[in-house]
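The values are calculated or read from the model by the stated rules, or taken from the named source; none is laboratory data. From a predicted model like this one, the values you see are computed outputs, not experimental measurements. Please note: Cβ atoms are built from the backbone with ideal geometry, for glycine as well, and neighbour counts cover all protein chains shown.
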Amino acid sequence: MAKEKKAEAAPEPKKAAGKHPNYVKCTVSCACGNTFEVYSTVPKASVGICSKCHPFFTGKQKLVDTEGRVDAFRRKYAK
Ligand SMILES: [Zn+2]
């Protein structure tokens with residue numbers, strides 16, 4: 001019973017004016033060419049992968065430059 005009383009008495013979170021960032025509509029452009037809008041603190045952003053090209057959503061297996069990076073690393077230290 002004491003627990004219930006405490007839950008009821010929980011104060012609502014107060015919104016401190018000026019402490020919250022301004023959220024604006026942010027146009028995000030992906031490396032695959034897809035663009036979509038989200039709400040963010042910046043008006044523009046770019047991502048390397050999105051829901052349109054990520055294998056999880058597309059169902060296609062796609063290697064995201066993993067081998068290329070390993071090869072570049074090997075070349076760099078293969079002296
Ligand atoms: Zn994408």
Task: Failed item in (1) outside any strand (DSSP E or B); (2) at pLDDT 90 or above; (3) not hydroxyl-bearing (Ser, Thr, Tyr), with Pro13 passing the rest - done: (2)
- [ ] Output yes when any residue across the stretch 63-78 is assigned to a helix (DSSP H, G or I), within 16 Å of the ligand (Cβ to nearest atom), exposed (fewer than 11 other Cβ atoms within 10 Å of the Cβ) and at pLDDT 65 or above, and no when none is.
- [x] no
- [ ] For residues that are more than 11 Å from the ligand (Cβ to nearest atom) and at pLDDT 85 or above, tally how many sit in the stretch 23-62.
- [x] 14
